[in-house]
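Chemist: The following block contains the structure, expressed as structure tokens.
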Amino acid sequence: MAAFKAAGVNPVPPVADNDATIAALQLIIAGDKYCLISKPSEIVAAAAAQLAVAFLNGKTPKAEMSLYDTPSQPFTPAVVTRENLKAEIIDKGMNTAAELCVDRYAAG
């Protein structure tokens, strides 16, 4: 976003991101980023832990599907926009409004 603005691009095209970091969420709040993909680490970590435990117990985990010939366990990430940020991030306890709405983001 900053590079577009510095180059004088107007209007700035929609900008997307791939992780729900505090900085990325704040850019959505400010209107400087259109959306991001939220992949809660709890979901990914839980799946990895289940696989590790199965391997440690000498079992072969059952894959739900195969992706590029690799056993995979898909999940549906959330697309977070300014309109649903509260429901997808704050209401689900991933971050609080106090963490996100500071300094220049307080008005958002």
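We did not get these values from a lab; they are worked out from the coordinates using the rules stated. Computed from a predicted model, the values in this text were never measured in an experiment. Cβ atoms come from the backbone with ideal geometry, glycine included; neighbour counts cover every protein chain shown.
Chemist: Note down the relative contact order for the chain as a percent, whole number, built from C-alpha pairs under 8 angstrom at least six residues apart.
Modeler: Result for the chain is 26 percent.
Chemist: Determine ³J(HN,Hα), in whole Hz, for all residues of region 63-72 in sequence, where each value follows from phi through the Karplus function 6.51 cos²θ - 1.76 cosθ + 1.60 and θ = phi - 60°; x replaces Gly and Pro.
Modeler: Ordered by residue, 3J(HN,Hα) equals 7, 6, 7, 10, 10, 6, 6, 10, x, 9 Hz.
Chemist: Another question about this same structure. Tabulate in residue order the Karplus-calculated ³J(HN,Hα) for region 91-108, using 6.51 cos²θ - 1.76 cosθ + 1.60 with θ = phi - 60°, rounded to whole Hz; enter x for Gly and Pro.
Modeler: 5, 8, x, 6, 9, 9, 4, 5, 6, 8, 9, 10, 6, 6, 9, 4, 5, x
Chemist: Using the Kirkwood formula on the Cα atoms of region 1-51, what hydrodynamic radius do you get, in angstrom to one decimal?
Modeler: Value: 12.5 Å, from the Cα pair sum.
Chemist: Among Asn57, Asn95, Asn18, determine the one that fluctuates most according to a GNM of the chain built with springs between C-alpha atoms less than 10 Å apart.
Modeler: For the chain, modelled as a Gaussian network with Cα springs under 10 Å, the answer is Asn57.
Chemist: Another question, if that's okay. Straight-line reach from Lys92: which aspartates and glutamates have Cα under 20 Å away, leaving out those fewer than 8 places along the same chain?
Modeler: Within reach: Asp17, Asp19, Glu42, Glu83.
Chemist: Report ³J(HN,Hα) in whole Hz for each residue of region 9-23, in order, from the Karplus equation J = 6.51 cos²θ - 1.76 cosθ + 1.60 where θ = phi - 60°; Gly and Pro get x.
Modeler: Per-residue couplings from phi come out as 5, 8, x, 6, x, x, 10, 10, 9, 10, 9, 8, 6, 4, 4 Hz.
Chemist: For the chain, with equal point scatterers placed on the C-alpha atoms only and solvent neglected, what are the log10 I(q)/I(0) values from the Debye formula at q = 0.11, 0.12, 0.17, 0.20 1/Å, to two decimals?
Modeler: -0.50, -0.57, -0.85, -1.01
Chemist: Let me ask something else about it. Can you put Val9, Val80 in order of Cβ neighbours within 10 angstrom, beginning with the fewest?
Modeler: Final ranking by Cβ density, sparse to dense: Val9, Val80.
Chemist: Quick check: pseudo-label points 7 Å beyond the Cα along Cα→Cβ at Ala106 and Ala2, how many nm apart are they?
Modeler: 2.2
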